[in-house]
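The values are calculated or read from the model by the stated rules, or taken from the named source; none is laboratory data. Please read these numbers as outputs of a predicted model, since none were measured by experiment. Every residue, glycine as well, gets a Cβ built from its backbone with ideal geometry; the counts of neighbours run over all protein chains shown. Ligands, DNA and RNA are stripped out before the accessible areas are found, and what is left, the full protein with its side chains, is counted by its heavy atoms. Shrake-Rupley method; radii C 1.70, N 1.55, O 1.52, S 1.80 Å.
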Amino acid sequence: MTSDGTTHDTVSADPAALRPAGGPLPSTSYHVPPGGLPPQTALLTDRAMFTEAYAVIPSGVIRDITASYLPFWEGTRAWVLARPLSGFAETFSQYVMDVAPGGGSDHPEPDAAAEGVLFVVGGEGRLTLGPEEDRAEHRLEAGTFVYLPPGQRWTLHNDGPETLGFHWIRKAYERVEGLDAPEAFVSSDREVAPTPMPGTDGRWATTRFVDPGDLRHDMHVNVVTFEPGAVIPFAETHVMEHGLYVLEGKAVYRLNTDWVEVEAGDFMWLRAFCPQACYAGGPGRFRYLLYKDVNRHARLSRTFL
Ligand SMILES: NC(=O)N[C@H](N)C(=O)O
């Protein structure tokens, strides 16, 4: 026992020398912190990363001290996981929202140019879509997906007994002359069958809430699922940005030049071109919510010398 209450046994360089006559070898020992070792299921806690190509925000960091309170939201805390950092170079913001029972908002979105996606991860609530005189009501529960076009009128309230938790992904909608903005819709990951990635026997599959051929949409928010042991077998590199929030399981994820360990509750922010791959080593399924900007021309530089 050391002065700080930890045990730190010394193991002989020759364990056989410690064997009592005829008895088993003693088990080797570890440094044991006060309170004991973390469970075998937990990853290292010290996994936060911020580089020029990506950031990792581990679940343990999404705690009280980093919460915000948003205007016109009652009983609600928001964790801003991503936001544009350098002017027009990044496209989206992503929040984890915790709405206490009785909390919510009648004026949730202050920006008429913003489109949004809500994806519920826990609890229950009530969403309304449309103007006061003609509102459609929808139930919110784990797995509910909501698309909100720019200018959409909506309200959201927690009328359940537990905290309502959801992701809110916001982006300035890029209008295209001749194309209307999409309408609002409500769906769920139970209603949409995952599409297997070609050649993977369904071990890597993507749940797409929006038809990829519907060019009114300029962002996709999908759920990506890997069976234990499945992989992204090459370093995908593309101009699209990503927000990846781990909904379930564990994996090692390749981000630019690094392999990082991630688990449920962690968030990864990938800048354009950040190479990415994945080994979902198990023991259970590995799933994440994925944001991606799509279907629009690249903005051209108008600076001439
Ligand atoms: N990291 C990913 O899961 N990327 C997806 N395959 C994608 O870009 O759609």
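Where in the stretch 107-214 are there strands (runs of 3 or more DSSP E), lying wholly inside it, with at least 3 residues that are more than 16 Å from the ligand (Cβ to nearest atom) and in contact (Cβ under 8 Å) with a residue 24 or more places away in the chain?
114-122, 125-129, 144-148, 154-157, 164-172, 185-188
Being among the acidic types (Asp, Glu) and over 19 Å from Val294 (Cβ atoms) is the filter here, so list the residues in the stretch 185-219 that pass it.
Of everything in the stretch 185-219, those that are among the acidic types (Asp, Glu) and over 19 Å from Val294 (Cβ atoms) turn out to be Asp189, Glu191, Asp201.
Output the residues belonging to the stretch 282-305 that are of a type outside the set (Lys, Arg) and within 16 Å of the ligand (Cβ to nearest atom).
Answer for the stretch 282-305, where residues must be of a type outside the set (Lys, Arg) and within 16 Å of the ligand (Cβ to nearest atom): Phe286, Tyr288, Leu289, Leu290, Tyr291, Asp293, Val294, Asn295.
Give the residue that is farthest from Ala264 (Cα to Cα), with candidates limited to residues of the stretch 39-72 that are in contact with a Ser or Thr (Cβ under 8 Å, 6 or more places away or on another chain) and in a loop (DSSP other than H, G, I, E, B).
Phe72
Regarding the stretch 52-71, can at least one residue be identified that is open to solvent by 10 Å² or more (accessible area, probe 1.4 Å), of a type in the set (D, E, K, R) and within 18 Å of Asp159 (Cα to Cα)?
No, the stretch 52-71 contains no residue that is open to solvent by 10 Å² or more (accessible area, probe 1.4 Å), of a type in the set (D, E, K, R) and within 18 Å of Asp159 (Cα to Cα).
Within the stretch 279-305, can you find the residues that are open to solvent by less than 60 Å² (accessible area, probe 1.4 Å) and hydrophobic (A, V, I, L, M, F, W, C)?
Once the filter is applied, which keeps residues that are open to solvent by less than 60 Å² (accessible area, probe 1.4 Å) and hydrophobic (A, V, I, L, M, F, W, C), the stretch 279-305 yields Ala280, Phe286, Leu289, Leu290, Val294.
Let me confirm something: among Gly102, Gly75, which residue is outside any loop (DSSP other than H, G, I, E, B), more than 23 Å from the chain's Cα centre (by Cα) and modelled with pLDDT of 95 or more?
From the options Gly102, Gly75, the qualifying one is Gly102.
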